[in-house]
Protein chains: 2
Amino acid sequence: MTIKYRHLFFLSMIFIFLGTGSAFAQKATWIWYPGDFEIWLGNKMQNRRTERGSFLPPFWKLDNHYVLIDFHKDFDLAEPERAELFVEGQYNVKIDGKSVFGYPGKISIPAGKHRVSLKVFCQNSVPAIFVKGRKVNSDSSWLVTYEDKEWIDQSGKASDQSGTNWLHAAAWDFEDPASPPSAFKLSLKPQSPVKTERSGRSILADFGKETFGFVKLHGLKGKGILGIYYGESREEALDTAQCETLDKLWLKPDKKADTLSALTRAFRFVNIQIEPGMSIDSVSMLYEYLPVADKGGFRCSDEEINRIYDVSKYTFHLNTREFFIDGIKRDRWIWSGDAYQSYLMNYYLLFDSPSVTRTLLALRGKDPVTSHINTIMDYTFYWFMGIHDYYEYTGDKTFIRQFYPRMKSLMDYCLSRRNQDGMMEGMAGDWVFIDWAEGLSKKGELSFEQLLLARSLETMATSAAIAQEPGDEAKYAALAAELKKKIFDQYWNKDKQALVHSFVNGQQTANVTRYANMFGIFFNYFNEAQKQGVKKNVLMNDQVQKITTPYMRFYELEALCALGEQQYVLKEMKDYWGGMLKLGATSFWEEFDPGKKGTEHLAMYGRPYGKSLCHAWGASPIYLLGKYFLGIKPLSPGYQTYLAEPVLGGLKWIEGTVPTPKGLVKLYCSTTAIRISATEGTGTLRIKSKTKPVCNGALIKMATQGVYDIEILKEKEYDIKYNSVL
Amino acid sequence: MTIKYRHLFFLSMIFIFLGTGSAFAQKATWIWYPGDFEIWLGNKMQNRRTERGSFLPPFWKLDNHYVLIDFHKDFDLAEPERAELFVEGQYNVKIDGKSVFGYPGKISIPAGKHRVSLKVFCQNSVPAIFVKGRKVNSDSSWLVTYEDKEWIDQSGKASDQSGTNWLHAAAWDFEDPASPPSAFKLSLKPQSPVKTERSGRSILADFGKETFGFVKLHGLKGKGILGIYYGESREEALDTAQCETLDKLWLKPDKKADTLSALTRAFRFVNIQIEPGMSIDSVSMLYEYLPVADKGGFRCSDEEINRIYDVSKYTFHLNTREFFIDGIKRDRWIWSGDAYQSYLMNYYLLFDSPSVTRTLLALRGKDPVTSHINTIMDYTFYWFMGIHDYYEYTGDKTFIRQFYPRMKSLMDYCLSRRNQDGMMEGMAGDWVFIDWAEGLSKKGELSFEQLLLARSLETMATSAAIAQEPGDEAKYAALAAELKKKIFDQYWNKDKQALVHSFVNGQQTANVTRYANMFGIFFNYFNEAQKQGVKKNVLMNDQVQKITTPYMRFYELEALCALGEQQYVLKEMKDYWGGMLKLGATSFWEEFDPGKKGTEHLAMYGRPYGKSLCHAWGASPIYLLGKYFLGIKPLSPGYQTYLAEPVLGGLKWIEGTVPTPKGLVKLYCSTTAIRISATEGTGTLRIKSKTKPVCNGALIKMATQGVYDIEILKEKEYDIKYNSVL
């Protein structure tokens, strides 16, 4: 009896679900303090890595959520109403500052102006509420804080000067009161192997392509230890001594039964090893995924490119999960540099802004800043660049306003770590990454890092304006301008017509690498002559150390596209990504060196299967084809205006869809005809034509000789005839 | 089967208890990242407050623990050994950097030099480990960090420059692997009421004195709602509509049963209200307490003082719990100003350093600092003063070294909030408290706050020296000196011979209050003439607004004692604390105004039972009698040297014990004889005698005319004959 009562009480304290839905519910959603769910979920996801059966957590600081949150909103009700409450945590409810008894499941709000407040304490997950009334519904218009700073004096009088910062509550898509944020799960779908081979006490199941999820063992019988050895390749699954991931189950079923692996894993092949006396009927899997639909798409006249696009899409989906992760086999961590490329791909495929902001927030964590993001200097800068692009593509000012303080403290950290010349240089504990490349020097002041800092400072200036901090805006703009000047003074080599790699002991080094030069192109930091110099002497120069990771290939090919070299890029794409396909890739890899042979392709980090065969950064054709072949990109934040500048690059035709914040731009382009339509924004279709294009009622202007700008209004379809110069 | 397996796996991941004790165990203990258990436990305790059945959490930011911690220690073993592992969280184990498979319950360490590392992720409670081998035991010599910043490059090579900060692990008294930190509970002891009155459907149980714990209802029968109304007074318990705490239980026992209240409460009286058809055999309680023994003690020739001392002790014990709390009925929060007095009392009764450091760490929380401690400006300064005294009494340098960064960031916060004159002045969100006192002005620059900042700066200078930060030491010492000069320039009024209360709009105000003046005395900031001026014109001057809280009475009486006014203080103590006893107090109150009558004594904050009748700050006689009557205090950190300067203050004899870090000082003193002995340190017994004292073999020096200093060596007992001048 004692226990029973206490148990009931405990339940009512910690988690109240009294209602089961109501006809009044309209748009209520679970809400929480911005950034906290992301941190909590990030901790959960990033602590699932194992390496050969040993737990392998991140090596950077993991932050934690605020355990005590105050939520409120003011309502003006025409009539009284009842609202249901669902709360994750121990809570109180106040109406106009007056507490309601206990932990109510429903409250009554009288007609008129009233403030509804809830204060929630929750240690194990993020304090969250779901309020469901007629008008009194929880959504992101509610205000939240982690310190309300409201005290009373000995007479009971409340404090008269508040120092409280209120933010708008955060929400995602938790629209069912019975499915609170702490119960978040990805979706599952059963899948069968395409082939199962048995031999002795082994079963090797081949799922036909790279996949991810739980392994399901059907009709298991007998007692003993069962080993599951996962392989992205057949070789890896069969090499029980060296495969990267494995699970061991100690089983003792009472009768024939099914079981699931405890953790989700990446694999194509699963090698099940059983002990004498054990048997299994069959093996299948539950595919685990984030249910998010493609909004963008791409097709063209080249089937190999279409296949590359499809495999890129699959690679991208596999790595778009709780967050944008690096790769599904090994880390499953959120790496800022990897995620940055996913943000960009996302704008051309999913346009799923919550995935971008979840990832940015989980990466940023909380103050104080004690290291670079993921400990990597460049990865901090990619975080700022991610916000730069997020604003460009989505126009979301609220995100910047809410998180400007975290942007600022992270930039303070960077600025405090400049050396005596005011330049970024690796200090103890800083990982200066740039790329996986043999012999790449990290010594001294690297041009690449300064360039990324300059871009980050520009982002801070833009964001300061949005956050209405004009003093900061001026400061960051000045710092950016000063640094850009310094970059050219220090690294630009007139003889080499390129930025050199580094500056060591007060001297420019002779080393030229591709990194700073290619970023300088699409950051638009060069003048026209410099651009051509860089193109010739760096980008198209085989004497400069080649890039072997899809990660940096992304930027290299972007720079070439930005220089109009789509035809060259198309060939590279077919060689490089097509090269992986020819080797049987069903998703794109962490690294690909065409010079390697056979199982050499599987090795990395000194381990025979160390390489990830499904890495997000391998999916960059999604971005390149959308931005530089379909040629669609915003000209002002959130696609209020945009450019569509299709480039065939040698293809007979291309067609596709590019998502915008609330709609789509559709485009078909051949050498003689273009069809374009958009559901929002005002576009400029820019084409090169030998003669003036013909169109059904669009405004056509000649921009420069042979280049025509056609105004694309929303919700109209345009058919254009032209004579491509390509 | 599926569920069974996953459940087992989950268990093994989250919480492994494989061993049940071992003959090898010697001194192993649970360890964690310093400060984190305190924050976690503080959140738990401070979120238990309810007010008339509604949850009432703190209004300041609550921090959270680091969820991912790396632990390691290097061992040099003469022979190989096996160690058992107990872990709170999901973990890995490495020996010399090499992972052990899975989540092992035991590990083998070969002979020779080896590093044992564990890395633990735990969201719901603090990551903690217990390693139990022969020599490989977990204790505070292990090193811990929340970011190890160790990465590898693509070849598998580890990073060569570490930026990791390692601290020593924290421990308390969790010496049983089966009782981990997350399972922490205070102790329980059954107690019976001294009287139970029944009338209709009410039962009123009187436990005879203020107490704290769970209410137990015996032989409960019938179905319905049961109300428990708690009262520190009989009036409060009977006033079901206005009592401060109450619980309602919805009961439906199958058969006659016992039940416990869900939460611990403070009360002397419990009023149980049942519904028709319900019955209860009897009521008892489980007293909840921190099991910590008295080391100090005090007795004297005056029985009223002895009673005051005993009730102070009981009051102090009731408020010494997970932390030093303010009062047991209402807040049960950790308030820095309240806790500061508990630290001081602790040095004269329990000398329980873990209670001091737990409280300091829970109060401090983590960076970033977003408000004053408890939002109160003066409470931030009491935190620094708490460290000042902690070092004086215990000599613990490790604590200061480990937490110096948190001291520094909190001081940075204070310094960043000085006004343009460099003085502390309330800004938005700052609660300037000082004391509960009618009409006390908080406007402008208050002398009291500057004085406390000066003392805090001095503490920072001392601490910087311990933390080996000479630059900081010089900076803080200079800031302290400069501020002290400014205080006298700005607030000292020669005519009034006192520090005035405030400085408003560039003008000294005419208002003189006791606060800054009494702190100036025991901070020793005045010269002899100023002291006498302050004594006459402020402390002994009835025209200056009187103090009504035991909180500030503490400092007022301390200042008077420091001026040698023990006789006056004794009378005040008998009037004030004796006054509460005469009104039937069984513990000392939050506030006592002898001018009030009857139930007026119970009211505060505009509520009829708002006042706490058991408040830690009411227990100050423990401190005053120990420090200023027995007269024992450290002269150098940790009682390496100390002073014993007994003052009878009109009493015939006093005797008592004062604890030191590892021992005791015992003292008996009458007007003709003194007995003293100590187990550590070198003491100076200072007495005033008409003739030269006589002693068994001690070194006696005359300090000034009629004042003799006798050297007290450890582990010897001294019998002294003298002719007291008092």
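The values are calculated or read from the model by the stated rules, or taken from the named source; none is laboratory data. Bear in mind the structure is a predicted one, so any value in this text is a computation, not a measurement. Using ideal geometry, Cβ is built from the backbone for each residue, glycine included, and neighbour counts are taken over all protein chains shown. Areas reflect the complete protein model, heavy atoms only, side chains present, ligands, DNA and RNA absent. Shrake-Rupley method; radii C 1.70, N 1.55, O 1.52, S 1.80 Å.
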* To do: With respect to A:L483, determine if the residue is within 28 Å of the chain's Cα centre (by Cα) and away from every other protein chain (no Cβ under 14 Å).
  => no
* Structure fact -> A:I328: passes all of (1) within 14 Å of chain B (Cβ to nearest Cβ); (2) open to solvent by less than 10 Å² (accessible area, probe 1.4 Å) but (1)
* Answer residue from the range B:485-505, given it is among the charged types (D, E, K, R) and more than 22 Å from B:G426 (Cβ to Cβ) and is surrounded by the fewest Cβ atoms within 10 Å (Cβ to Cβ) among those -> B:D495
* Structure fact -> Among (1) modelled with pLDDT of 95 or more; (2) open to solvent by 20 Å² or more (accessible area, probe 1.4 Å), A:W250 falls short only on (1)
* Asked: So is B:D153 within 30 Å of A:E438 (Cβ to Cβ), modelled with pLDDT under 90 and open to solvent by less than 20 Å² (accessible area, probe 1.4 Å) or not?
  -> no
* Asked: Any residue at all in the range B:227-243 that is farther than 25 Å from B:T599 by Cα and exposed (fewer than 15 other Cβ atoms within 10 Å of the Cβ)?
  -> no
* To do: Taking only the range B:99-109 into account, find how many residues are more than 14 Å from every other protein chain (Cβ to nearest Cβ) and open to solvent by less than 60 Å² (accessible area, probe 1.4 Å).
  => 1
* For the range A:100-131, enumerate the residues that are among the polar types (S, T, N, Q) and touching an Asp or Glu at 6+ places or on another chain (Cβ under 7 Å). => A:S117, A:S125
* Filter the strands (runs of 3 or more DSSP E) completely within the range A:235-328 down to those with at least 1 residues that are among the basic types (K, R) and on the phi < 0 side of the Ramachandran plot. => A:246-251, A:265-273, A:297-300
* To do: Quickly run through the range A:259-299 and pick out the residues that are at pLDDT below 95, open to solvent by 20 Å² or more (accessible area, probe 1.4 Å) and touching a Ser or Thr at 6+ places or on another chain (Cβ under 6 Å).
  => A:L260
* Asked: Are any residues in the range A:25-48 among the charged types (D, E, K, R) and open to solvent by 20 Å² or more (accessible area, probe 1.4 Å), and if so, which ones?
  -> A:K27, A:K44, A:R48
* Taking A:P104 as meeting all but one of (1) free of Cβ contacts under 8 Å to residues at least 24 places away in the same chain; (2) assigned to a strand (DSSP E or B), write down the number of the exception. => (2)
* Structure fact -> Among residues of the range B:581-591 being more than 25 Å from B:A516 (Cβ to Cβ) and touching a residue at least 40 places away in the same chain (Cβ under 8 Å), the residue surrounded by the fewest Cβ atoms within 10 Å (Cβ to Cβ) is B:L581
* Which condition does B:L446 not pass, out of (1) farther than 24 Å from B:V534 by Cα; (2) crowded, with 22+ Cβ neighbours inside 10 Å; (3) touching a residue at least 40 places away in the same chain (Cβ under 8 Å), if it passes all the others? -> (1)
* Give the residues of the range B:690-717 that are of a type in the set (V, I, T) and surrounded by 11 or more Cβ atoms within 10 Å (Cβ to Cβ), sorted by residue number. => B:V694, B:I700, B:V707, B:I710, B:I712
* **Among the candidates A:E556, A:E600, residue that is among the acidic types (D, E) and in contact (Cβ under 8 Å) with a residue 40 or more places away in the chain** => A:E556
* What number of residues within the range B:522-547 satisfy the criterion of being in contact (Cβ under 8 Å) with a residue 60 or more places away in the chain and of a type in the set (V, I, T)? -> 1
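Residue by residue, here is whether (1) of a type in the set (F, W, Y); (2) touching a helix residue (DSSP H, G or I) at 6+ places or on another chain (Cβ under 9 Å); (3) more than 9 Å from chain A (Cβ to nearest Cβ); (4) outside any loop (DSSP other than H, G, I, E, B) holds:
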| position | (1), (2), (3), (4) |
| --- | --- |
| B:R115 | no, no, yes, yes |
| B:V120 | no, no, no, yes |
| B:S125 | no, yes, no, no |
| B:V131 | no, no, yes, yes |
| B:K135 | no, no, yes, no |
| B:E147 | no, yes, no, no |
| B:S155 | no, no, no, no |
* Can you name the condition, by its number, that B:S159 falls short on among (1) at pLDDT below 95; (2) open to solvent by less than 30 Å² (accessible area, probe 1.4 Å); (3) closer than 22 Å to A:D63 by Cα? -> (3)
* Structure fact -> Expected single match for part of a loop (DSSP other than H, G, I, E, B) and hydrophobic (A, V, I, L, M, F, W, C) among B:F214, B:F207, B:F174 is B:F174
* To do: Report yes if some residue within the range B:336-353 is in a loop (DSSP other than H, G, I, E, B), at negative phi and either at pLDDT below 95 or β-branched (V, I, T) (or both); otherwise report no.
  => no
* Of the numbered conditions (1) buried (at least 18 other Cβ atoms within 10 Å of the Cβ); (2) within 14 Å of chain A (Cβ to nearest Cβ); (3) touching a residue at least 24 places away in the same chain (Cβ under 8 Å), B:G656 satisfies every one except a single condition; which is it? -> (2)
* Structure fact -> If you go through B:V432, B:V356, B:V369, the only one that is of a type outside the set (D, E, K, R) and away from chain A (no Cβ under 13 Å) is B:V356
* Please find, within the range A:41-55, the residue that is nearest to the other protein chains (Cβ to nearest Cβ) out of those that are closer than 19 Å to B:Y66 by Cβ and part of a loop (DSSP other than H, G, I, E, B). => A:N47
* Do we find that B:S409 is among the small types (G, A, S) and in contact with a helix residue (DSSP H, G or I) (Cβ under 6 Å, 6 or more places away or on another chain) in this structure? -> no
* Based on what the data block shows, is B:N92 surrounded by 23 or more Cβ atoms within 10 Å (Cβ to Cβ), in the same structural domain as B:K44 (by TED's automatic domain parsing) and not aromatic (F, W, Y)? -> yes
* Asked: In the range A:612-642, what residues are under 19 Å from A:I687 (Cα atoms) and open to solvent by 10 Å² or more (accessible area, probe 1.4 Å)?
  -> A:K627, A:Y628, A:K633, A:P634, A:L635, A:T641
